[in-house]
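The values are calculated or read from the model by the stated rules, or taken from the named source; none is laboratory data. Note that the structure is a prediction, hence the values are computed from the model and not measured. Quick reminder, even Gly has a Cβ in these numbers, built from the backbone with ideal geometry, and neighbours come from all protein chains shown.
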């Protein structure tokens, strides 16, 4: 039991370190190749900060531990839209413009996927393809809104700089995979030892660790006055989690939806509705931040009550 906890904590630390380095190197490569700032926040950072969830979910799916995958993804989305955004708002006001609100509306895709999953006994091939189609629509919508690579000349780049950042990106990806494997293996052992469902370990403990990249990047963005990038990163992350990651997990191995899974999906829907409502405001300050943190505590209590009951 103690060994499993130590391995879990080491895996989580490696996962966080690898994801932060991957995002850093990815942003540097994006800027070197001329990607716009909004593209970095809305697409690259969204995918980059979801790498921990992707790694954990794929390892879980291949290993047959699908409850960890679904719990991690649902829990991470609830974290991002409530607790993470709330903490970010406590560090600085999140200003929301018209274009930022247009970005936030992509959360409706998560609502659609969560509703379908809520009434499905099993998430299999059809659901996986459905999620991938919606994710494709998300990418198409992002490009249509103008968040695309700009026309800087790539020929002027220094090849050594690209190679160094590319190599470091590859190393960080390796760390993410290693950390994810340790987390999944140890989480299964801990769940079996203490009798806690894997979906709860994924939804609370693993999800908390995997959302740290979104939290740190969003706080830095807000402190620099780039609230749009923070909002774009969070929106992109929740769509990537359900569209790309959950879609892939369902394609790899069918996921049986338990009553506790449905509690998490209801929590995702509630968090999405509040997120969409708040994104219609011009600014999110400390009051909204406190409210979101408290709302996460309420959702967490409801999920725990569903397990105890």
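Summary table below
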| read-out | value |
| --- | --- |
| Count - residues of segment 201-214 that are buried (at least 22 other Cβ atoms within 10 Å of the Cβ) and either more than 12 Å from the chain's Cα centre (by Cα) or at pLDDT 80 or above (or both) | 6 |
| Hits in segment 68-112 - residues which are modelled with pLDDT of 90 or more, over 14 Å from the mean Cα position of the chain (by Cα) and crowded, with 24+ Cβ neighbours inside 10 Å | 88, 89 |
| Residue satisfying all of: in segment 59-111; touching a strand residue (DSSP E or B) at 6+ places or on another chain (Cβ under 6 Å) and part of a helix (DSSP H, G or I); farthest from residue 291 (Cα to Cα) among these | 66 |
| Total residues in segment 253-266, condition closer than 14 Å to residue 112 by Cα and either under 17 Å from the mean Cα position of the chain (by Cα) or part of a loop (DSSP other than H, G, I, E, B) (or both) | 1 |
| The one condition in (1) modelled with pLDDT of 90 or more; (2) out of contact with any strand residue (DSSP E or B) (no Cβ under 8 Å at 6 or more places or on another chain); (3) part of a helix (DSSP H, G or I) that residue 120 fails to fulfil | (3) |
| Qualifying residue in segment 256-277 (condition: free of Cβ contacts under 8 Å to residues at least 40 places away in the same chain, surrounded by fewer than 24 Cβ atoms within 10 Å (Cβ to Cβ) and closer than 20 Å to residue 95 by Cβ) | yes |
| Subset of segment 121-131 that is touching a residue at least 60 places away in the same chain (Cβ under 8 Å) and surrounded by fewer than 17 Cβ atoms within 10 Å (Cβ to Cβ) - its residue that is farthest from residue 50 (Cα to Cα) | 121 |
| Which listed residue, of 244, 231, 284, is buried (at least 22 other Cβ atoms within 10 Å of the Cβ), touching a residue at least 60 places away in the same chain (Cβ under 8 Å), closer than 26 Å to residue 16 by Cβ and over 19 Å from the mean Cα position of the chain (by Cα) | 284 |
| Test: residue 250 is farther than 24 Å from residue 118 by Cβ and in a helix (DSSP H, G or I) | no |
